């Protein structure tokens, strides 16, 4: 059976709300959809994709066009978001049709990379590969006392140019970083009771805060230098105290300035392999360094097969989850490169830490 797909129109808005409520059983996804409709100036009508059952929308996906960082350059890409299917027709291929239609639009519109968080047993069938590892540092508010005293203030529109520059300086080095400029929509929060963007008074550091149950989460942060980083941690401790919270979860990469500072005090670090955070590459020419190409067999350098591997492994390599030195350890990979080509490959694909920092408006309610 061929399932019809099309882009959404204005008359589909209420039905899309229904699909989200039916699929997820809660308001957050529907609220996020409303927020994006009202605020995302880059949301093109053709980027909301529908699968139809007798012309009635029953599955939906959404593309948010953004630049995405690969190892070697920024490329046009998109966040694949709000994938949902009416439970009444689940298991009949409508959700799959919507996702395949979305992947086709990525390719047809020149978007080289799609990125999402989703079910690890579902999306690989469409070509997505897990690339985003999980890392957090757990620390108590009391443990941050050596960093002194400081306080945040709420970020306002006049701060956003400075904050976007700080974001770039802290996150541009990580593959899978999604671009974020000073557009106020990209820095907004949907549920202020649980979420906040805070800045130090002199704008030399900021943090994106989320209160989940009894913990304070630092989802994102950046500082100009070590001294600003120390004051940032002191302000995070003050924020936790004002909310009556003792446990702080800092979800920053292992080489981030704040993570390194936290290793100076009693803390616990947790790391997990990539699972739910995935990427699909639809245009390899845009993401590969000069001299490399892809064939059905694997990765070629100067026209010669250098690594025989699956697209899944090569996606992980290009997006930083695997490095060249990992490849000889893998039973399903064969190294065919000459010694000189292997030296080039190890230089072009060194160890990295992919990181996607979600825009503040993604976060839902406290405890979610």
Residue 92 versus residue 109, label points 7 Å from Cα toward the beta carbon: distance in nm?
2.8
Per-residue ellipticity at 222 nm for the chain, helices alone: DSSP H runs ≥ 4 residues times -39500 (n - 2.57), over residue total, nearest 500 deg cm²/dmol?
-8000 deg cm²/dmol
Sequence of 313, 250, 99 once ranked by neighbouring C-beta atoms within 10 Å, starting from the fewest:
313, 250, 99
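So, R0 is 30 Å and r is the distance between the beta-carbons of residue 21 and residue 125; what FRET efficiency does that work out to, to 0.05?
Working: r = 26 Å, r/R0 = 0.87.
It comes to 0.70.
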Pull out the extension gain between residue 242 and residue 331, defined as 0.36 nm times the separation in residues minus the alpha carbon to alpha carbon distance; nm, one decimal.
26.9 nm
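Given the Cα-Cα distance of residue 290 and residue 41 and 0.36 nm per residue of separation, how much length would full extension add, in nm?
Taking 0.36 nm per residue and subtracting the Cα distance, the gain is 86.2 nm.
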Per-residue Cβ neighbour rank within 10 angstrom, fewest leading, 11, 326
11, 326
For the stretch 292-348, what does the relative contact order come out to in percent, with C-alpha contacts under 8 Å and a separation of six or more?
29
Residue 249/residue 4 FRET efficiency (R0 35 Å; Cβ-Cβ; nearest 0.05):
0.20
Give, as ranges by residue number, the residues of the stretch 54-86 whose backbone N falls under 18 Å from the point 7 Å along Cα→Cβ of residue 188.
63-66, 82
For an R0 of 35 angstrom, estimate the FRET efficiency from the Cβ-Cβ distance between residue 263 and residue 157 and round to the nearest 0.05.
0.50
Need one number: nm distance between label points at residue 276 and residue 169, each 7 Å from Cα along Cα→Cβ, rounded to one decimal.
3.3
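If each residue of separation counts as 0.36 nm, what is the full-extension length gain between residue 215 and residue 343 once their alpha-carbon separation is subtracted?
Answer, rounded to one decimal: 41.5 nm.
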Length-normalised contact order of the chain, Cα under 8 Å, at least 6 apart, in percent, tallies to 20
Antiparallel %, DSSP beta bridges [both residues in the chain], to 5:
90
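Read-outs throughout are calculated quantities, based only on the coordinates presented, and are distinct from any laboratory measurement. None of these values were measured; they are calculated from a predicted model. All Cβ positions, even for glycine, are placed from backbone atoms using ideal geometry, and neighbour counts span all protein chains on display.
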